[in-house]
1. Sum -39500 (n - 2.57) across every DSSP H segment of at least 4 residues in the chain, then divide by the residue count to get the 222 nm mean residue ellipticity, nearest 500.
2. Just to be sure I follow: if Rg is taken over the C-alpha atoms of segment 284-339 and Rh is the Kirkwood radius over the same atoms, what is Rg/Rh?
3. What Kirkwood radius, in Å to one decimal, follows from the Cα pairs of segment 216-265?
4. Output the Kirkwood hydrodynamic radius of segment 86-139, Cα pairs only, in Å rounded to one decimal.
5. For K129, which aspartates and glutamates qualify as cross-link partners when the Cα separation must be under 15 Å and same-chain residues fewer than eight apart are set aside?
6. If you split all Cα-Cα distances of the chain into 10 Å bins from zero, what percentages do you get per bin, shortest first?
7. Give me the compactness ratio for segment 250-295, meaning the Cα radius of gyration over 2.2 N^0.38 Å.
8. Given the options L36, L77, L288, which has the most mean-square fluctuation in a GNM of the chain, springs set between C-alpha atoms less than 10 angstrom apart?
Amino acid sequence: MFYHLFYPLTSEYSFLNVFKYITFRSAYSGVTALALSLTLGNLMIRMLRKFQIGETIRSDGPEHHASKSGTPTMGGLLILVTFLGSTLLWANLESRYIWVIIFSVIGFGTIGFRDDILKLRRGNGISAKEKLLLQVLVSLGVGIYLLYFDPTRAEYATRLSVPFFKEFQPDLGFLYLFFIAFIIVGTSNAVNLTDGLDGLAIGPIIIATLTYTGIVYICGHIKFAEYLNIQYIKGAGEIAVASSAVIGASLGFLWYNSYPAQIFMGDVGSLSLGGLIGTIAVIVKHELLLVLIGGIFVIEALSVIIQVGYFKYTGGKRFFKMAPLHHHFEQLGWSEPKVIVRFWIVAVVLAMISLSTLKLR
Ligand code: 57M
């Protein structure tokens, strides 16, 4: 909104020229979202308590989790509202990618919201099948737009960018649509699995979004993209304004979600933020790099796949003491804050390694 209000006045007031710059708007989009989520956080916690929107803790988890019973949940709403507010204020609303991201966040957020509400009302959320179907539908919506309705991508829409290999860009044709759905749905669910300790998911979400903010800026800048030999994506730079809002909103949430948490994000937060990271990765064609940038989510999801597979294969033996992996370390006796901070450290290291691949091609 500010862009549309102030930038046209540049001829009269030259200092308003700053509203043209993505870097300026990104910085203030992050600060605005942070200020909003810090301010509204307490109010939200009080309201969730008042309406008794609190977590029911499973009895088969690590023992100390019992004390978390009743912690207000659905704090993801705080992130979504502040992200949306700040993005609408600072982004260029003519950017199609801003709307693709908003569509994805609202789509996945609605699925998570419904799941959370049903869990509160009747104890169990939407069925795994229904959840998956709805997630696939939203991500196909994103994919169909990017592949068939965005004229600026026609040249490279179905080509897969492979880290380290500048020339090798296989054309996946319509199969790319399913690849997109796999990436977005997979990220959404992997973030959801990770969200099992205070601040455990939101830390790597901030780290991954920060990394992608750098990448979208580079991909959307013709000279930087050319220098690094990566696909130039016209208009992608504007995504930095939205991703900065995610970082600000998430930092504000972390203020309250850090150990010992005063609020959990719920599925409305985990599914939508995971969907958002997957969507950004797809728009800037850096999907394969998600394995590193979102490495913690991948490791957590793999630990569940290994646990379930091994259990079935051996007829009842467990590979980990408990899955997802964070529970395994808790069972080994690590304290909750230790597991959380160590996972964050791994997330930072993986993000740094992922950036090194940009020039190595
Ligand atoms: C959601 N939800 C947390 C909170 C959060 C297939 C199987 C591996 C699925 C998995 C599962 O259900 N995962 C998805 C995980 C829950 O957190 C709520 O859910 C929202 C996210 N969707 O925002 O609202 C609990 O996590 C703790 N928590 C915190 N701090 C936070 O900031 O402490 C969450 C956020 C909260 C709270 O205790 O109640 C969750 O873990 O349930 N299932 C599991 O993760 C279960 N694993 C399991 O069954 N493993 C088996 C097999 C099937 C792989 C095994 O190892 O043999 C574990 N979860 C729990 N107890 N709670 C194990 C037992």
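We did not get these values from a lab; they are worked out from the coordinates using the rules stated. Owing to the predicted nature of the structure, the values given are computational and were not obtained by experimental measurement. FYI the Cβ positions are ideal-geometry reconstructions off the backbone, even for glycines, and counts take in every protein chain you see.
1. It lands at -21000 deg cm²/dmol.
2. Values: Rg = 13.8 Å, Rh = 12.5 Å.
On the Cα set of segment 284-339, Rg over Rh gives 1.10.
3. Values: mean 1/r = 0.0792 Å⁻¹.
Taking every pair of different Cα atoms in segment 216-265, averaging 1/r and inverting gives 12.6 Å.
4. Details: mean 1/r = 0.0796 Å⁻¹.
It works out to 12.6 Å.
5. List returned: D115.
6. Pair shares across the bins are 5, 24, 34, 24, 11, 2, 0, 0.
7. Details: Rg = 13.0 Å, N = 46, 2.2 N^0.38 = 9.4 Å.
Ratio of Cα Rg to 2.2 N^0.38 Å: 1.38.
8. Ranking L36, L77, L288 by mean-square fluctuation puts L288 first.
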